[in-house]
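Here the structure comes first, spelled out in structure tokens, and everything after it is commentary.
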Amino acid sequence: MDLVEYCQVRCDYVSLAAFPRSASAYEHKAFRDGQFGRSEPGKQNFNQVETTHMKTNRTKLALAILAAGSALAIATPAQAGKTLDAVKARGELVCGVNTGLAGFSAADSQGKWSGLDVDVCRAIAAAVLGDGNKVKFVPLTAQQRFTALQSGEIDILSRNTTWTLTRDASLGLHFAGVTYYDGQGFMVPVKNKIKSAKQLKGATVCVQSGTTTEKNLTDYSRANNLNVKPIVFEKQEAATGAYFSGRCVAFTTDASGLASIRNKDAKDPKEHTILPELISKEPLGPVVRRGDDEWFAIAKWVLNGLIESEEYGISQDNVDKLKAESKDPVVMRILGTSEDTGKLLGLDKDWMVRALKTVGNYGEMFERNVGPKTSLALPRGANALWNKGGLMYAPPIR
Amino acid sequence: MAERAPPRKRAWSWRSQAFRGLIYQIVAVALIAFGVWYLVNSTLANMAARGIQSGFGFLLQPAGFDIGESLIPYDALDPYWKAYAVGVLNTLRVAAVGIIFATLLGTVLGIGRFSGNAIVRGLCYAYVELFRNVPVLLQLLMWYLLFADMLPPITEALSLGGVLFLSKNGLSFPVPVWGPGVGLALLGALAGMVAAWLYRRWAIARFEATGQIRSLFWVPMVIVIAGALLGWIAGGAPSTWNVPRPDGFIMHGGASATPEFLAVLLGLVLYTAAFIAEVVRSGIASVVRGQVEAASSLGLSKDQAMRLVILPQALRVIIPPVTSQYLNLTKNSSLAVAVGYPDVVSIANTSLNQTGRAVECIALIMAVYLTTSLATSAFMNWYNRRAAIKER
């Protein structure tokens, strides 16, 4: 037994011994599937377990960080090219998503995940593994998400995460693009007759911790001399609960989140209104670990492919037909019938065909999950294609 | 016949127990030091390898977020360390107030378990069993939901004489406007306290010398109040109060305790009081029956017997476990984050997310609780030594 093996066995043991009482259903599943004790160098199965514990207790989080850190130091200092191999060997993409934000990532009563962020993961799984259902979704709170990605518990984080300089430059992460251009807004009860965010002088505002929202709120409050009082909750459910009970005058988060929450959690969605002001830019997108450029490129280009497919009219329904018949060079490149673009990414030539068959193009993903016909009824707005007045512009696949 | 002196024991040998003990200790310390070094070093190396920035330098950067309630002036442009200080003070505030109320309530309940009245006894028993068997997080959430749901909105605040307001914004109460008059009144009260303490010493000395009993409660009380009154009058009897005044959805003036603070305080006090009640009960039960009988044979009333004979002896048994309860209360206050109270954990969570310094922020939380707990513990140990039997 060499040192690497020894540590993995030992570290598993330590993490089990340290947290014997907080076994969750998820963990038991990990046990059943035998994902626990497998010791494959370069694949930190035990991190999944450790990070699960973080959900339950903060002190355990600290221990887990230390334990994960120490284990990783020996196992794999750098991970270049490792993620793709690990995903293929595992036969499953592990994707970090929101614990429940209708339209973006939410599980239904059968445990089936759906939403815009979820579709991104399914598209990548289809491109890499050939099956959009080979995804394990790991629900994460705002606080857990980066640690989960850094520690290797998840392969990709697709959880309405805002792209900012601090996150990009100092957390060891890469943002693979933007899936939704959002902005932070306020929701208020209609009966208070508030028409503008500028009327929130001295008001209490409920907010979930672990997001960029707190800082935006403060910036806006200072700029407009509002002196709002934030009440910060760890869990989104607690924050919205306090707002709906009337403890706060307003609730703030990204406008898409407000629409989702109003629709899902309010007793009567008509009693709440979303104020016109958007106080920040919130480009939301999927995130991968730094140090694995190959995997970064895959995430980036699957997303670009979905957006470009909309531009060139390739949809879930016509992808097979176009693959067989299209003579458009751009479409042929996207679908791999002329040049083998997939090979450059370490995939096969049908990578985009499978992704499109699984989730459709970006426009279809939008319409199906959050668009005007869904209960969220979000307008396409800034998320329309660049040639239709929006911001969605993908670099070309060629 | 002179006896031969026994051979002098050799002070040191390779095979002596002392040497082996020394070796074991060195090995143990080295192992622990290596373990700590290994964890810290590999965490740092691993973070560096992944391009995760680390270090405590962020504490000097502007925090950039507001905090709902603060004991010291705080502005979003202040650095992170000041945000932490606000969080620590909020934690200490709820812990200190909580400890005082939990002790009072717990003592009353504990003594109540010995009441001659069956109803009082039963109620105390029921209270203890109910509150110590429901998880404290649930209690916090329950109180918070109760406050947030049941209280009227601020526009329809319950008012008591137009000075006290109870609404979803919490309990708003008037505070005196600070001025030289108020300062003099406080000074007077302070002087009264010193005088009362001197009087108490004198009264005890007189009692021991002559057996004359003087009140050790009412007279000092009167002295303190008289001191405060004199100071107040000397300061020109200022009577301006900063009275809260609801306006739209905010409360102007006065001071207020937010529902978050009240929920955390109430939850912690009611929960911990149940444990303290049990500690007090066991302490009292540990005083042998003969002490009570001896006290009554000396002609002490039941009250006096409890105050002068039983409680002082029970204290020795009570203090160590009560210290643990104080520590528990302080540490349980970290659950405040669930109901939106900006304690140190809440601040650390926000900082963690703004800066991504997970290890540093968690380490700071641990350091804060460790320091607080060790300080509480040191104080209680000092008090314990004072209360312990003095062997002369």
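The values are calculated or read from the model by the stated rules, or taken from the named source; none is laboratory data. This is a predicted model, so every value here is computed, not measured. Note: ideal-geometry Cβ built from the backbone for every residue, glycine included; neighbour counts use all protein chains shown. For the accessible areas, the whole protein counts, side chains as well, though only heavy atoms, and no ligand, DNA or RNA atoms are used. Shrake-Rupley method; radii C 1.70, N 1.55, O 1.52, S 1.80 Å.
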### Query
For the range B:258-277, how many residues meet the condition of being of a type in the set (Gly, Ala, Ser), under 19 Å from B:Leu71 (Cβ atoms) and more than 14 Å from every other protein chain (Cβ to nearest Cβ)?
0
### Query
Is it true that B:Thr210 is of a type in the set (Val, Ile, Thr) and at pLDDT 95 or above?
no
### Task
From the list B:Val344, B:Val368, pick out the single residue that is open to solvent by less than 10 Å² (accessible area, probe 1.4 Å) and within 14 Å of chain A (Cβ to nearest Cβ).
B:Val344
### Query
Can you find a residue in the range B:231-242 that is small (Gly, Ala, Ser) and either within 32 Å of the chain's Cα centre (by Cα) or modelled with pLDDT of 85 or more (or both)?
yes
### Query
Restricting attention to the range B:184-198, which residues are over 27 Å from the mean Cα position of the chain (by Cα) and either surrounded by fewer than 17 Cβ atoms within 10 Å (Cβ to Cβ) or in contact (Cβ under 8 Å) with a residue 60 or more places away in the chain (or both)?
B:Ala195, B:Leu198
#### Entry: Single residue of the range A:209-223 satisfying the filter (under 17 Å from A:Val249 (Cα atoms) and in contact with a helix residue (DSSP H, G or I) (Cβ under 8 Å, 6 or more places away or on another chain)) that is least open to solvent (accessible area, probe 1.4 Å)
A:Glu214
### Query
If you take the residues in the range B:147-157 that are out of contact with any helix residue (DSSP H, G or I) (no Cβ under 8 Å at 6 or more places or on another chain) and surrounded by 14 or more Cβ atoms within 10 Å (Cβ to Cβ), which one is nearest to A:Phe233 (Cα to Cα)?
B:Asp149
### Summary
B:Ala226 passes all but one of the listed conditions (1) surrounded by 13 or more Cβ atoms within 10 Å (Cβ to Cβ); (2) within 30 Å of B:Met251 (Cα to Cα); (3) more than 14 Å from chain A (Cβ to nearest Cβ); the exception is number (2)
### Query
Which of (1) more than 11 Å from every other protein chain (Cβ to nearest Cβ); (2) in contact (Cβ under 8 Å) with a residue 60 or more places away in the chain; (3) under 22 Å from B:Ala367 (Cα atoms) is the odd one out, the single condition B:Trp81 does not satisfy?
(2)
### Task
Filter the range A:136-180 down to residues that are open to solvent by less than 10 Å² (accessible area, probe 1.4 Å), among the hydrophobic types (A, V, I, L, M, F, W, C) and within 9 Å of chain B (Cβ to nearest Cβ) and give me whichever is farthest from B:Ala45 (Cα to Cα).
A:Ala142
### Query
Applying the selection to the range B:299-324, what residues are open to solvent by 30 Å² or more (accessible area, probe 1.4 Å) and in contact (Cβ under 8 Å) with a residue 24 or more places away in the chain?
B:Met306, B:Leu311, B:Pro312, B:Gln313, B:Leu315, B:Arg316, B:Val317, B:Pro320, B:Pro321
### Message
Regarding the range A:225-243, can at least one residue be identified that is among the acidic types (Asp, Glu) and in the same structural domain as A:Lys300 (by TED's automatic domain parsing)?
### Response
no
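Here is a yes/no grid of residues against (1) open to solvent by less than 10 Å² (accessible area, probe 1.4 Å); (2) within 13 Å of another protein chain (Cβ to nearest Cβ); (3) under 15 Å from the mean Cα position of the chain (by Cα):
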| site | (1), (2), (3) |
| --- | --- |
| A:Gly130 | no, no, no |
| A:Asp182 | no, no, yes |
| A:Pro189 | no, yes, no |
| A:Ala197 | yes, no, no |
| A:Ala238 | no, yes, no |
### Task
All but one of (1) away from chain A (no Cβ under 14 Å); (2) outside any loop (DSSP other than H, G, I, E, B); (3) within 30 Å of B:Val136 (Cβ to Cβ) hold for B:Asn90, so report the exception by its number.
(1)
### Query
Consider A:Leu356 against the criteria (1) closer than 26 Å to A:Lys321 by Cβ; (2) exposed (fewer than 15 other Cβ atoms within 10 Å of the Cβ): it satisfies all of them except one. Which criterion is unmet?
(2)
### Query
Is it true that some residue in the range B:198-216 is within 23 Å of B:Ile100 (Cβ to Cβ) and outside any loop (DSSP other than H, G, I, E, B)?
yes
### Query
Of all residues in the range B:36-52, how many are assigned to a loop (DSSP other than H, G, I, E, B) and either touching a residue at least 40 places away in the same chain (Cβ under 8 Å) or at positive phi (or both)?
1
### Message
Is it the case, given these coordinates, that B:Ser54 is within 20 Å of A:Leu173 (Cα to Cα) and modelled with pLDDT of 90 or more?
### Response
no
### Query
How many residues, within the range A:260-288, are within 18 Å of the chain's Cα centre (by Cα) and open to solvent by less than 20 Å² (accessible area, probe 1.4 Å)?
8
### Message
Could you check the range B:53-74 and list, in sequence order, the residues that are open to solvent by less than 50 Å² (accessible area, probe 1.4 Å), assigned to a loop (DSSP other than H, G, I, E, B) and at the interface with chain A (Cβ under 10 Å from one of its Cβ atoms)?
### Response
B:Ala63, B:Gly64, B:Phe65, B:Asp66, B:Ile67, B:Gly68, B:Glu69
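Listed here are the residues, each with its yes/no results for (1) of a type in the set (S, T, N, Q); (2) closer than 30 Å to A:Arg167 by Cβ; (3) in contact (Cβ under 8 Å) with a residue 12 or more places away in the chain.
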site	(1), (2), (3)
B:Val337	no, yes, yes
B:Asn349	yes, yes, yes
B:Leu364	no, yes, yes
B:Ser377	yes, no, yes
B:Met380	no, no, yes
B:Asn384	yes, no, yes
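The rows are residues; the columns are (1) in a helix (DSSP H, G or I); (2) open to solvent by 60 Å² or more (accessible area, probe 1.4 Å); (3) touching a residue at least 12 places away in the same chain (Cβ under 8 Å); (4) under 23 Å from B:Ile225 (Cβ atoms).
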{"site": "B:Phe114", "(1), (2), (3), (4)": "no, yes, yes, no"}
{"site": "B:Phe131", "(1), (2), (3), (4)": "yes, no, yes, no"}
{"site": "B:Ser159", "(1), (2), (3), (4)": "no, yes, no, no"}
{"site": "B:Ser172", "(1), (2), (3), (4)": "no, no, yes, no"}
### Message
Quick check on this structure: which one of B:Leu266, B:Leu298, B:Leu335 is in the same structural domain as B:Tyr383 (by TED's automatic domain parsing), in contact with a Phe, Trp or Tyr (Cβ under 7 Å, 6 or more places away or on another chain) and modelled with pLDDT of 90 or more?
### Response
B:Leu266
